[in-house]
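Q: Submitted below is the structure of interest, expressed as structure tokens.
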Amino acid sequence: MAKYKLEYIWLDGYEPVAGLRSKTKIADYDAFPALEDLPVWNFDGSSTRQAPGGNSDCLLQPVASYPDPARDNGVLVMCEVMNPDGTPHASNTRATIPDDPGTWFGFEQEYFLYQDGAPLGFPGEGGFPPPQGEYYTGVGFKNVGNIAREIVEQHIDLCLEAGINHEGINAEVAKGQWEFQIFGKGSKRAADEVWVARYLLLRLCETYSVDVNWHCKPLGVDVDWNGSGMHTNFSTTFMRETGGKEYFEALMAAFDKYKAEHIAVYGPDNHLRLTGLHETQSIDKFSYGVADRGASVRVPHSFVNDGYKGYLEDRRPNSQGDPYAIAGRILETIATVPTP
């Protein structure tokens, strides 16, 4: 038997953006434990805005597990928060969404790395580096610095060693801004891996005295600097194998019809980001276009060239969005469109 360090991870009850929480349980196992061998645990919900002090117990139900590359015999345990009676807690967005392995999601998580109140590479409080232009996919100290490169490279390794389906990184349009991509088959699996990848990045940055700023417009709207999104690529089995222009147009009509419902779960403060500028459509409009990064939904050339089959990219979700809620809303809208 060996001592395993089980890092239970969950989402707290803060609004409008849930935060990540974690605590460690030590348990004995003969080998790396299977998910079903991880026990339900509890925590003080009164300290996470999930329960009153007089009745504070909440439960942690393991739903996904990964090797923890930063620990010997470590396990990252993603959990749903449950009430003492075993029902899903009101803050548990994962429990509210459908799951289908045939529905694939690719999340493009943008974020800023911050130190001393400003993005890495900014010359100090209130100052700005040269304007945007050379930073996107940039190389060299003046474009990306050194600490940022070190952090994002280590983050790749941590995710891959944990078994997260990390698909790549790039420096983004603003200085100090980066992106990583996570792909998963099934809405819950894809969203679980986004949350665990976020957790790994936050924990890594502790070593560098660097914060991760997930806000969609951390530099405000009065300056000409891009915000942060979480562009969401999605497809269903029908979209990949059958598709067709008629179905595509019906799907886009449904996305237009439910645009307010989508915006409601696509992350807070999106009105600061979805202005019609900086590669966005206005928050109150819906549009789609082939290779159009200023549209609500970008249609890849490959999608049209393959007979309207493949995946689409919803560009409206922002960097603080909850991938569970985002995936759930997309699936809900897709479900309203009958397949021929």
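The values are calculated or read from the model by the stated rules, or taken from the named source; none is laboratory data. Bear in mind the structure is a predicted one, so any value in this text is a computation, not a measurement. A quick note on method: Cβ atoms are made from the backbone with ideal geometry, for glycine too, and the neighbour counts reach across all protein chains shown.
Q: Which one of Ala162, Ala118 is aliphatic (A, V, I, L, M) and within 25 Å of Ala325 (Cα to Cα)?
A: Ala162
Q: Is segment 81-92 home to any residue that is out of contact with any strand residue (DSSP E or B) (no Cβ under 8 Å at 6 or more places or on another chain) and either within 30 Å of Asp314 (Cα to Cα) or among the basic types (Lys, Arg) (or both)?
A: yes
Q: Filter segment 173-196 for residues that are touching a helix residue (DSSP H, G or I) at 6+ places or on another chain (Cβ under 9 Å) and aliphatic (A, V, I, L, M); which is surrounded by the fewest Cβ atoms within 10 Å (Cβ to Cβ)?
A: Among those that are touching a helix residue (DSSP H, G or I) at 6+ places or on another chain (Cβ under 9 Å) and aliphatic (A, V, I, L, M), it is Val194.
Q: Related question: Output yes when any residue across segment 250-272 is farther than 19 Å from Glu110 by Cα, at pLDDT 95 or above, among the hydroxyl-bearing types (Ser, Thr, Tyr) and not in a loop (DSSP other than H, G, I, E, B), and no when none is.
A: Scanning segment 250-272, I find no residue that is farther than 19 Å from Glu110 by Cα, at pLDDT 95 or above, among the hydroxyl-bearing types (Ser, Thr, Tyr) and not in a loop (DSSP other than H, G, I, E, B), so the answer is no.
Q: Hand me the list of helices (runs of 4 or more DSSP H) wholly inside segment 137-230 holding 3 or more residues that are under 25 Å from Val265 (Cα atoms).
A: Those helices (runs of 4 or more DSSP H) span 187-206.
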